Amino acid sequence: MTRTAGLEAEGLTVVEAVSASQARALLGEPVAGVVLGLTGPDGPGLQDDLSRHRPRATVVEPGEPGAPAMDDVAGIVSALGHLGGAEPTPADLSGVASDWLQLCR
């Protein structure tokens, strides 16, 4: 089973980028977790970009000290932890304030 298939089998939605520049183009998408495995000339700084654009996303960097290996699907799923859906966006929460006000009346 491939890493992608293994993560999908665990209920995660996988969007792959083959380069750091392609990953940067996806920073506008709601994500809850990222598995970094990119190397190459456009890779440096991607972690900073993720922190700036997706500060609540869980980032796993296989091969880093304490992180699972890139082929360790179970370890990656464990490192991602609670994930199973995308990071909430303001649109997802838009009705909460009005619902709360209705309940408090």
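Can you find even one residue in the stretch 4-21 that is assigned to a loop (DSSP other than H, G, I, E, B) and at pLDDT 85 or above? The answer is no, given that none of the residues of the stretch 4-21 is assigned to a loop (DSSP other than H, G, I, E, B) and at pLDDT 85 or above.
In the stretch 54-103, the qualifying residues are those that are at pLDDT 65 or above, closer than 30 Å to T2 by Cβ and among the polar types (S, T, N, Q), and the one that is surrounded by the fewest Cβ atoms within 10 Å (Cβ to Cβ) is S78. For the stretch 58-77, taking the residues that are assigned to a loop (DSSP other than H, G, I, E, B) and touching a helix residue (DSSP H, G or I) at 6+ places or on another chain (Cβ under 8 Å), the one that is nearest to V34 (Cα to Cα) is identified as E61. Contact annotation: residue pairs with Cβ atoms under 9 Å, 6 or more positions apart or on different chains, pairing a residue in the stretch 46-64 that is touching a residue at least 12 places away in the same chain (Cβ under 8 Å) with a partner that is charged (D, E, K, R) and surrounded by 13 or more Cβ atoms within 10 Å (Cβ to Cβ), are L46/R24; Q47/E61; D49/R24; H53/R24; R54/E87; R56/E87; A57/E87; P62/D72.
The values are calculated or read from the model by the stated rules, or taken from the named source; none is laboratory data. These figures come from a predicted structure and were not determined experimentally. Positions of Cβ are generated from backbone atoms using ideal geometry, with glycine treated the same way; all protein chains shown enter the neighbour counts.
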